Amino acid sequence: MRIRHIAWKELWHRKLGALLILLGIVLCVALVVAIQRYSLASINEMRKVTLSMGKNLVILPGDASLDDYLADKFRDEADALPESDVKAVADYCITGKVTARHFLGSFQKKAKINGEPLVVSGIMVEIDPAAPAIVVKDAQQKLATDQVALGHHAAKRLGAEPGGRLDVTKGPLAGKTFEVQEVKPETGTVDDFKVFVNIDVAREAFGVKTKVVNVIEAVNCVCVGTNLKKLSKDIQNGLFKIDDNTYRAQVHHVYGIANARYQARKGLMGDVNWLSAAMGLFGVLLIGGYSVVNARERRREMGIVLAIALTPRHVAWLFLQKMLLLGLAGGVLGCVAGELLAQSLGAPILTALHPSMRAYVLGAVGWEVYAIAVGAAVVLTAIPSLIGVLVAATTDPADTLREL
Amino acid sequence: MLDVQHVTQTYGRGRKAITALDGIDLHVNRGEFLAIVGPSGSGKTSLLLTMGGLLTPTSGRVLIDGASFYDVGGPARTAMRLKYCGFMFQTFHLIPYLTAMENVQLPLVTTGMESRSQRELAAECLKTVGLEERLDQPASKLSVGEMQRVALARALINRPALILADEPTANLDEETARVVVEYLKTFRNEGVAIVLVTHDTELGNSADRTVRLRRGTLVANGAS
């Protein structure tokens with residue numbers, strides 16, 4: 001017989017007490033895991049929204065301002081940037097200064113298409129900064145000269161549907177017929193009003209003879225939390241500086257949006273951490289109380305084993321082992337319960353607490369969260385139970401035996 | 001083999017101090033059955049616990065095979081206790097959720113002995129006290145007589161040189177009490193020293209020697 005056998009038998013003997021403390025641990029761990037998973041899902045959601053904005057880093061030619069860009073005031077051929085700058089930016093960013101996924105060069109102009117005020121956006125293929133020599137094989141961005149992709153509202157205004165045809169009768173693209181390759185989901189940005197075509201088609205439509213772009217966007221830029229201001233300056237000085245006061249291009253960042261998202265995430269994480277800490281404290285108090293009560297309840301038993309068999313060190317190990325076992329079991333079961341909770345109740349909670357958040361994407365199984373939760377459950381069970389361990393190990397067998 | 005030298009045991013301090021043992025001198029030989037008889041509150045249990053290395057005396061020494069119980073630290077004292085002493089108590093002090101076999105195995109838990117050997121030895125001890133049919137019975141399901149025999153087997157398992165028994169028959173009927181005493185005598189015959197404390201003079205008379213304790217002092221010391 002080993003000490004763990006005694007610990008195990010005692011657990012079975014006092015099933016109700018053990019079960020209650022196990023439930024307490026499971027509850028704490030489950031709530032912490034669910035909260036953490038929910039919080040990660042919220043971050044995923046924010047990232048998704050940020051991504052859906054399309055970009056938060058924009059490079060415009062000459063002294064063009066971000067206001068111009070947002071008002072669809074694009075520079076003409078004379079002020080545009082050579083197409084080679086797109087690859088140059090991607091090459092520059094391979095040093096790891098930018099977390100943009102891809103860079104997209106485009107030539108854009110406001111125009112009336114079939115009488116509807118829209119923006120024609122001729123797009124290059126995206127360039128992946130991680131491998132700038134390789135263009136991204138994204139079907140959306142590989143528009144053939146007879147293909148078009150439409151923003152949400154542009155498609156509505158033009159009465160076009162995915163897979164259908166778009167006959168352009170008026171405007172710079174007049175006389176052309178396009179296959180509608182895609183209608184993009186609504187983003188709430190100017191992209192909803194864009195007619196995306198091959199860049200050569202756009203340049204030809206606006207009479208541009210040279211290979212130029214008037215916007216370079218960091219597509220799917222996820223620079224949330226990084227210093228976008230500094231990043232913009234780095235790129236501008238590194239690539240577009242002519243002299244101290246003159247630049248070939250302006251690098252702008254949509255800082256406000258990214259920052260608002262970042263602040264929201266920070267606030268959310270703060271709430272989540274407080275809740276987790278409160279749950280942890282509750283668990284610690286629960287376990288500490290239980291271990292002391294259990295040690296007092298077993299005072300007689302401890303007196304006997306100390307008299308006839310065990311040293312105080314063994315008694316301490318006997319108690320600690322039991323608590324570690326409960327912590328481990330509670331941690332594992334709590335992770336399962338927490339995951340189920342996050343799966344079933346996460347979405348309603350998210351939308352109730354953060355109405356601005358639109359999607360609840362739980363993401364992959366949170367092994368890291370589980371590992372931390374189980375580890376914390378074991379440690380946070382062991383630490384408060386030391387009080388009970390101490391009470392048990394310092395039991396005076398003579399006192400106990402004289403009382404009996 | 002056991003020497004109690006000028007042992008005094010005082011509980012509390014100042015005016016509230018109570019002297020439970022007052023200058024006790026006692027020697028127990030190997031294979032001797034000694035009964036310590038006295039009324040309740042005479043200090044019997046205190047003396048027994050002091051002899052067993054469980055209660056540090058206020059003054060005096062307790063030597064077992066020449067080694068002083070209280071001149072060594074806690075772990076060493078526990079080791080000495082496990083090596084030399086087996087205990088029996090009036091209320092048996094079995095662990096209720098362990099089986100008879102597991103209760104008997106308890107003193108072996110920290111010896112490093114393999115579980116299988118522990119079980120074999122425990123079964124042998126239980127057989128000695130006639131409980132070979134009750135090995136896997138939880139202690140809480142045993143009769144009081146069986147409980148005391150399990151306690152006896154537990155006291156024997158580490159093959160102690162000394163068994164210290166505190167009112168071992170007080171909760172037993174006459175017949176069962178007689179059986180337990182017979183077992184004790186058998187172990188005495190095998191060379192184990194038995195120290196039995198009791199308030200029952202008749203039971204005390206079944207020992208080789210009886211000493212009487214009154215208010216912490218030995219008042220008589222002689223053969224039964």
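What number of residues within the stretch A:67-76 are exposed (fewer than 15 other Cβ atoms within 10 Å of the Cβ) and in a helix (DSSP H, G or I)?
Total satisfying the criteria: 2.
How many of the residues making up the stretch B:170-224 are in contact (Cβ under 8 Å) with a residue 60 or more places away in the chain and part of a helix (DSSP H, G or I)?
So the answer is 8.
If you take the residues in the stretch B:107-144 that are more than 23 Å from residue B:190 (Cα to Cα) and not in a loop (DSSP other than H, G, I, E, B), which one is nearest to the other protein chains (Cβ to nearest Cβ)?
Only one residue fits best here, namely B:115.
For (1) at pLDDT below 90; (2) in a loop (DSSP other than H, G, I, E, B); (3) not hydroxyl-bearing (Ser, Thr, Tyr), each residue gets a yes or a no:
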{"position": "A:122", "(1), (2), (3)": "no, no, yes"}
{"position": "A:125", "(1), (2), (3)": "yes, yes, yes"}
{"position": "A:130", "(1), (2), (3)": "yes, yes, yes"}
{"position": "A:137", "(1), (2), (3)": "yes, yes, yes"}
{"position": "A:140", "(1), (2), (3)": "yes, no, yes"}
{"position": "A:160", "(1), (2), (3)": "no, yes, yes"}
{"position": "A:166", "(1), (2), (3)": "no, no, yes"}
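From A:6, A:43, A:59, grab the single residue that is away from chain B (no Cβ under 14 Å) and modelled with pLDDT of 85 or more.
Only one candidate qualifies: A:59.
For the structure I just gave you, tell me whether residue A:210 is surrounded by fewer than 18 Cβ atoms within 10 Å (Cβ to Cβ), at pLDDT 80 or above and in contact with a helix residue (DSSP H, G or I) (Cβ under 7 Å, 6 or more places away or on another chain).
Yes.
Take the stretch A:365-387 and flag every residue that is in contact (Cβ under 8 Å) with a residue 40 or more places away in the chain and among the aromatic types (Phe, Trp, Tyr).
Within the stretch A:365-387, A:370 is the sole residue that qualifies.
Got at least one residue in the stretch B:84-91 being out of contact with any Leu (no Cβ under 7 Å at 6 or more places or on another chain), at the interface with chain A (Cβ under 10 Å from one of its Cβ atoms), under 28 Å from residue B:134 (Cβ atoms) and part of a helix (DSSP H, G or I)?
Within the stretch B:84-91 (the criterion being out of contact with any Leu (no Cβ under 7 Å at 6 or more places or on another chain), at the interface with chain A (Cβ under 10 Å from one of its Cβ atoms), under 28 Å from residue B:134 (Cβ atoms) and part of a helix (DSSP H, G or I)), the answer is no, since none of the residues qualifies.
Scan the stretch B:43-72 for residues that are out of contact with any His (no Cβ under 8 Å at 6 or more places or on another chain) and farther than 17 Å from residue A:400 by Cα and jot them down.
Of everything in the stretch B:43-72, those that are out of contact with any His (no Cβ under 8 Å at 6 or more places or on another chain) and farther than 17 Å from residue A:400 by Cα turn out to be B:58, B:62, B:63, B:64, B:65, B:66, B:67, B:68, B:69, B:70, B:71, B:72.
If we keep just the residues of the stretch A:9-19 that are touching a residue at least 12 places away in the same chain (Cβ under 8 Å) and part of a helix (DSSP H, G or I), which is nearest to residue A:369 (Cα to Cα)?
Ranking the candidates gives A:18 first.
For the stretch A:291-314: of the residues being polar (S, T, N, Q) and assigned to a helix (DSSP H, G or I), which is surrounded by the fewest Cβ atoms within 10 Å (Cβ to Cβ)?
The selected residue is A:294.
Taking residue B:101 as the residue in question, decide whether it is within 12 Å of another protein chain (Cβ to nearest Cβ) and either at pLDDT 90 or above or assigned to a helix (DSSP H, G or I) (or both).
Yes; evaluated as a whole, the condition is true for this residue.
For residue A:30, state whether it is within 14 Å of chain B (Cβ to nearest Cβ) and either buried (at least 17 other Cβ atoms within 10 Å of the Cβ) or at pLDDT 85 or above (or both).
no
What number goes with the only condition from (1) at pLDDT 90 or above; (2) surrounded by 24 or more Cβ atoms within 10 Å (Cβ to Cβ) that residue B:93 does not pass?
With respect to (1) at pLDDT 90 or above; (2) surrounded by 24 or more Cβ atoms within 10 Å (Cβ to Cβ), residue B:93 is out only on (1).
Here is a yes/no grid of residues against (1) without any contact (Cβ under 8 Å) to a residue 24 or more places away in the chain; (2) surrounded by fewer than 22 Cβ atoms within 10 Å (Cβ to Cβ):
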{"site": "B:6", "(1), (2)": "no, yes"}
{"site": "B:45", "(1), (2)": "no, no"}
{"site": "B:57", "(1), (2)": "no, no"}
{"site": "B:61", "(1), (2)": "no, yes"}
{"site": "B:76", "(1), (2)": "yes, yes"}
{"site": "B:79", "(1), (2)": "yes, yes"}
{"site": "B:82", "(1), (2)": "no, yes"}
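The values are calculated or read from the model by the stated rules, or taken from the named source; none is laboratory data. The structure displayed is predicted, hence computed values, not measured ones. Don't worry about glycine lacking a Cβ; one is built from the backbone with ideal geometry, like all the others, and counts go over all protein chains shown.
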